[in-house]
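Beneath this line is the structure, given in structure tokens, with notes to follow.
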Amino acid sequence: QVQVVESGGGLVQPGGSLRLSCTTSANTFSIGVMGWYRQAPGKQRELVASIITGGSTNYAASVKGRFAISRDNAKNTVYLQMNNLKPKDTAVYYCKCRSWGADYWGQGTQVTVSS
């Protein structure tokens with residue numbers, strides 16, 4: 001069973017920064033895309049950012065220019081650097097790993113942006 005584990009969430013003031021990490025037990029060569037999603041209370045889960053093996057990235061319009069996704073293939077880890085955080089970024093952030101065509105999700109990490 002592939003495991004996906006997120007870390008790095010917390011409480012931050014508006015304008016602050018956080019870095020999320022996600023590590024997977026999936027075989028390195030099996031991993032296609034890894035991505036970050038978020039779900040705010042009462043809303044659907046939405047894509048925040050994704051990155052493929054070759055390094056190409058994709059961002060939601062709402063975070064472009066503020067968030068950056070990166071990947072360390074040797075560690076099977078993906079990062080989400082979040083800068084200039086806003087209260088609307090408050091949500092549970094989930095990591096997804098696609099391995100051999102199957103999707104695996106982490107348990108989520110809470111990010112709260114509040115003064």
Using Cα springs under 10 Å in a Gaussian network model of the chain, which residue among ALA49, ALA102, ALA68 shows the largest mean-square fluctuation?
ALA102
Probe 1.4 Å, protein heavy atoms only - accessible area per residue of the range 49-115 in square angstrom
49 Å²
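For GLY16, what charge total do you get from the other residues with a beta carbon under 13 Å from its beta carbon, if Lys and Arg give +1 and Asp and Glu give -1? Provide the component values of the computation, followed by the final result.
Values: positive: ARG19, ARG66, LYS86; negative: ASP89.
That sum, taken over residues with Cβ under 13 Å, equals +2.
Leaving out ligands, DNA and RNA, what percent of the accessible area of the chain is carbon and sulfur, probe 1.4 Å? Write out the running numbers ahead of the final one.
Details: 2940 of 5980 Å².
In the chain, the share of accessible area belonging to carbon and sulfur is 49 percent.
With r as the distance between the Cβ atoms of THR28 and SER70 and R0 = 22 Å, compute the FRET efficiency 1/(1 + (r/R0)^6) and round to 0.05.
Values: r = 16 Å, r/R0 = 0.72.
E(calc), rounded to 0.05, equals 0.90.
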Tell me, which cysteines of the chain are without a disulfide-compatible partner by the Cβ under 4.7 Å rule?
CYS97
The rounded separation in angstrom of the Cα centers of the range 63-78 and the range 12-52 is 9 Å
Computed over the range 70-115, the relative contact order (Cα-Cα under 8 Å, seq sep at least six) in percent reads 34 percent
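The values are calculated or read from the model by the stated rules, or taken from the named source; none is laboratory data. A quick note: this is a predicted structure, and the numbers were derived from the prediction, not measured. Neighbour counts are summed over all protein chains in view; Cβ atoms, including those assigned to glycine, are modelled from backbone coordinates with ideal geometry. For the accessible areas, the whole protein counts, side chains as well, though only heavy atoms, and no ligand, DNA or RNA atoms are used. Shrake-Rupley method; radii C 1.70, N 1.55, O 1.52, S 1.80 Å.
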